[in-house]
1. Filter segment 34-72 for residues that are small (Gly, Ala, Ser) and under 26 Å from Gln242 (Cβ atoms) and give the result.
2. Which of (1) of a type in the set (A, V, I, L, M); (2) in a helix (DSSP H, G or I); (3) under 27 Å from Leu252 (Cβ atoms) does Leu88 not meet, given it meets every other one?
3. Using beta carbons and a limit of 6 Å, which pairs, at least six apart or on different chains, have the first residue in segment 128-141 and at positive phi and the second one outside any strand (DSSP E or B)?
4. Hey, among the residues in segment 283-296 that are farther than 11 Å from Ser233 by Cα and in contact with a strand residue (DSSP E or B) (Cβ under 8 Å, 6 or more places away or on another chain), which one's surrounded by the fewest Cβ atoms within 10 Å (Cβ to Cβ)?
5. Please find, among Glu294, Glu284, the residue that is of a type in the set (Asp, Glu) and within 13 Å of the ligand (Cβ to nearest atom).
6. Looking only at segment 146-155, count how many residues are free of Cβ contacts under 8 Å to residues at least 60 places away in the same chain and touching a helix residue (DSSP H, G or I) at 6+ places or on another chain (Cβ under 8 Å).
7. Every residue in segment 171-218 that is of a type in the set (Asp, Glu) and farther than 28 Å from Glu143 by Cβ, please.
8. Got a number for residues in segment 298-324 being more than 18 Å from the chain's Cα centre (by Cα), outside any loop (DSSP other than H, G, I, E, B) and within 16 Å of the ligand (Cβ to nearest atom)?
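The values are calculated or read from the model by the stated rules, or taken from the named source; none is laboratory data. This one's a predicted model, so the numbers in the text were calculated from it and none came from an experiment. Heads up, the Cβs are rebuilt from the backbone with ideal geometry, glycines too, and the neighbour counts pull from every protein chain shown.
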Amino acid sequence: MSLHILVTGGAGYIGSHVCVALLEGGYQVTVIDNFSNSHPEALERVAKLGGGAVTLIEADLADEGSIDFIRQQVAERPVHGAIHLAGLKAVGESVAKPALYYHTNINATLNLIEIMGAVGSNTIVFSSSATVYGEGNKNPLTEAAVSYAPTNPYGRTKYYNENILRDLYISNNDWRIANLRYFNPVGAHPSGLIGEDPQGTPNNLFPYIAQVAVGRREKLSVFGGDYPTRDGSGVRDYIHVQDLASGHVAALQFLHNQQEGCTADVNLGTGKGVSVFEAISAFERVSSRAIPFEVTARRPGDLAEVYADVTLARQLFDWEAKYDLEQMCADHWRWQMQNPSGYNG
Ligand code: WQD
């Protein structure tokens, strides 16, 4: 019998790649999504790529009024675990609308816990973020951080959700919990069929570069050229979304293989830092397009350098990132070229 996994936010950028990886791994998949920042077309393409159907529960996991409906739907199938990605994720918007972020991201987690408890399933892989480390930690960032100081409401919702899940395990040691701390997810499925479809002006570096390369935007602003880094621009640990997806499947296998309940906080990154200028050059090489840019002021809240210590993921999950920067750019570019207006194009 194949295992059945609930994927909350399964139609989104990371969720869609996770669903394909699960289908390829022989899992059955049910997605909960309300398409607030995603497109139903993504799930059609997931089914095509994964060679299997995805069951959809179209509902808002954060909405108290939807819980009975979702619980009924989930109770109709045996679920062996959940990968929880549903939530809001724009840092700037979270500063402007903190209550919306706390309401949505925390309630989605609380409601998922209630539903999983009600159907007797105790395995949750949570989509956390390196943003939980915030300021004051040394690179490479290890999971045993000296301080947790996320710098914005979005990051704090990730931090609080991690703690809620850890407290759940403390209350009942049967729970199997993995908090996965993503570094900077980029790229797309190598088919070019699924990828990131940002609404409005992209906040993140790769989608912005891709839209400049395709001619949708005039030039990139490089936020700060005077950081104490090797070339003055910000350094991040970019990870191919395909690697991230396989990391979720590895985390799930790890949790299912444990004799007892457990909780683990694990970085998912490559362990390598890449500067903004290096990312621009790699994208130019791969796309054979010029990326005009201008160095502007630093973006408030940005750190100079962030990259992961990836030892723990290797030890616990027997997993490591395989894709390099060239492949991240090539796949991101293919998706952009094939879908210049995202899923609406
Ligand atoms: C990367 C680098 C920028 C845009 C954020 C969130 C994090 C996570 C991912 C999402 C930095 C520079 C960027 C641009 C630029 N969460 N940059 N010009 O800030 O590391 O992480 O996104 O769900 O929680 O904080 O990623 O891609 O925005 O920036 O120069 O137009 O690129 O200053 O050095 P970041 P990013």
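1. Listed by number, the residues that qualify are Ser36, Ser38, Ala42, Ala47, Gly50, Gly51, Gly52, Ala53.
2. (2)
3. Gly134/Pro150; Gly134/Thr151; Gly136/Ser147
4. Here the answer is Glu294.
5. It is Glu294.
6. Of the residues in segment 146-155, 3 are free of Cβ contacts under 8 Å to residues at least 60 places away in the same chain and touching a helix residue (DSSP H, G or I) at 6+ places or on another chain (Cβ under 8 Å).
7. Passing the criteria: Asp197, Glu218.
8. So the answer is 1.
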